[in-house]
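Comments concern the structure below.
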Amino acid sequence: MARRREVAAGQRYQPTDSSAVWEVRELVKDAEGIVHARMARVGDATALKMISASALKDARLYKLLPNAEEPV
């Protein structure tokens, strides 16, 4: 079975039910040790949200987009 890529700062994700694109700003652990990604919407840095890393790795919920650091 293929290993899923780990969530890291700078990665961009798109919800499967939306055209919005979100970028991971940082990873944090909550009091129970669950890793969450603090994210900002691409094009609107004032739109922020926090999603569990396990949800981001679920292909039914989010699509990992090509590396944002690659030249366009």
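Read-outs throughout are calculated quantities, based only on the coordinates presented, and are distinct from any laboratory measurement. If you're wondering where the values come from, they're calculated on a predicted model, not measured in any experiment. Neighbour counts are summed over all protein chains in view; Cβ atoms, including those assigned to glycine, are modelled from backbone coordinates with ideal geometry.
If you scan segment 23-72, which residues turn out to be assigned to a loop (DSSP other than H, G, I, E, B) and of a type in the set (Val, Ile, Thr)? Walk me through how you get there before you give the answer.
Filtering segment 23-72 for residues assigned to a loop (DSSP other than H, G, I, E, B) gives 30-34, 42-43, 57-61, 65-72.
Residues satisfying the conditions are ILE34, VAL42, VAL72.
Here is a yes/no grid of residues against (1) of a type in the set (A, V, I, L, M); (2) within 21 Å of PRO66 (Cβ to Cβ):
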residue: GLU6; (1), (2): no, yes
residue: ALA9; (1), (2): yes, yes
residue: ARG12; (1), (2): no, yes
residue: LEU27; (1), (2): yes, yes
residue: ASP30; (1), (2): no, no
residue: SER54; (1), (2): no, no
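Report, by residue number, each residue of segment 1-22 that is in a strand (DSSP E or B) and charged (D, E, K, R). Quick ask: steps written out before the conclusion?
If we filter segment 1-22 for residues that are in a strand (DSSP E or B), which is where we start, we get 12-15, 22.
Answer for segment 1-22, where residues must be in a strand (DSSP E or B) and charged (D, E, K, R): just ARG12.
Being surrounded by 12 or more Cβ atoms within 10 Å (Cβ to Cβ), touching a strand residue (DSSP E or B) at 6+ places or on another chain (Cβ under 7 Å) and under 17 Å from GLU6 (Cβ atoms) is the filter here; which residues of segment 29-54 pass it? Result: VAL35, HIS36, ALA37, ARG38, MET39, ILE51, SER52, ALA53.
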